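The structure under discussion appears below in the form of structure tokens.
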Amino acid sequence: MTARKLLVLEDEENIRSFVVINLRRAGYDVIEASDGEEALRLMERHPDTRLALLDIMLTGALDGLEVCRRIRAGNADVGIIMLTAKTQELDKVTGLMSGADDYITKPFSPTELIARVDALIRRIGDPPAQEDAEIVSGPFTLNPMNRTLFKNGTRMKLTQVEFNIVKLFLRNQNRALSREEILTSIWGNEYFGDVKIVDVNVRRLRIKLEDDTANPTFITTVWGYGYKWGL
Ligand code: CA
């Protein structure tokens, strides 16, 4: 699985690139449209899109609310966040009634944007099919069902914890994961140990998985933060 895919529909180019850049920085795979027709075409071409951010006031035949209704009609599972201008109080209401899950009022900060997107992504969850689906990344193939990891066809000998960490990385490829996030995902909320346990396991995993442990290309370090799968 690659990073989670999002669609951004916004006709004002500076706002669109601001949104797109910040979402990409947060590790999302972003496709972008400047009008409603283009957005609907992209949604059809990318059925794996998990969430759409739709500006309401658009140049062109379709406004954001109509795009929202049409996306919702074709896909009940996709998350939808409306982008509204400050004075569009009424649009907020109709936006929610047209099938949107949330709205963000302009102007918004990158922090607010990412927080809302992350929250909705968490709420809608991953499609159930992905739970058991094989994940391929470069030379690696991970099978969650029989809990195996192969590199170039050779089975890697991993502990269950190591396997879970690789699975977490492969499900979040190219996304920086903080050490705390990794700790909570793998060891659970009730674990009171130190985040250093994450570093210890990463070090062991690098020895097992990397071609050159001194220059890791699979599990890379995000300085002062955590780790990432990919360069
Ligand atoms: Ca607009």
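Summary table below
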{"quantity": "Within the range 145-171, tally of residues that are assigned to a loop (DSSP other than H, G, I, E, B) and of a type in the set (D, E, K, R)", "calculated": "2"}
{"quantity": "Residue match in the range 123-146 (condition: of a type in the set (Lys, Arg) and surrounded by 12 or more Cβ atoms within 10 Å (Cβ to Cβ))", "calculated": "no"}
{"quantity": "Every residue from the range 173-195 that is over 13 Å from Gly226 (Cα atoms) and assigned to a loop (DSSP other than H, G, I, E, B)", "calculated": "Gln173, Gly188, Asn189, Glu190, Tyr191, Phe192, Gly193, Asp194"}
{"quantity": "The range 1-21, subset part of a helix (DSSP H, G or I) and open to solvent by 20 Å² or more (accessible area, probe 1.4 Å), residue nearest to the ligand (Cβ to nearest atom)", "calculated": "Ile15"}
{"quantity": "Condition broken by Asn215, with the remaining ones in (1) within 19 Å of Arg171 (Cβ to Cβ); (2) without any contact (Cβ under 8 Å) to a residue 60 or more places away in the chain satisfied", "calculated": "(1)"}
{"quantity": "Number of the exception - Thr59 against (1) β-branched (Val, Ile, Thr); (2) open to solvent by 10 Å² or more (accessible area, probe 1.4 Å); (3) touching a helix residue (DSSP H, G or I) at 6+ places or on another chain (Cβ under 6 Å)", "calculated": "(3)"}
{"quantity": "Matching residues, the range 201-228, being assigned to a helix (DSSP H, G or I) and surrounded by 11 or more Cβ atoms within 10 Å (Cβ to Cβ)", "calculated": "Asn201, Val202, Arg203, Arg204, Leu205, Arg206, Lys208, Leu209"}
{"quantity": "Checking Arg155 against (1) under 26 Å from Lys5 (Cα atoms); (2) at pLDDT 90 or above; (3) among the charged types (D, E, K, R), the condition it does not meet", "calculated": "(1)"}
{"quantity": "Residue match in the range 38-52 (condition: closer than 30 Å to Val222 by Cα, assigned to a loop (DSSP other than H, G, I, E, B) and either outside the structural domain of Arg72 (by TED's automatic domain parsing) or away from the ligand (no atom under 11 Å from the Cβ) (or both))", "calculated": "yes"}
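The values are calculated or read from the model by the stated rules, or taken from the named source; none is laboratory data. Predicted model only: the values in this text are computed from it and were never measured. Cβ: placed from backbone, ideal geometry, glycine included. Neighbour counts: every protein chain shown. Keep in mind that these areas ignore ligands, DNA and RNA; they rest on the heavy atoms of the full protein, side chains included. Shrake-Rupley method; radii C 1.70, N 1.55, O 1.52, S 1.80 Å.
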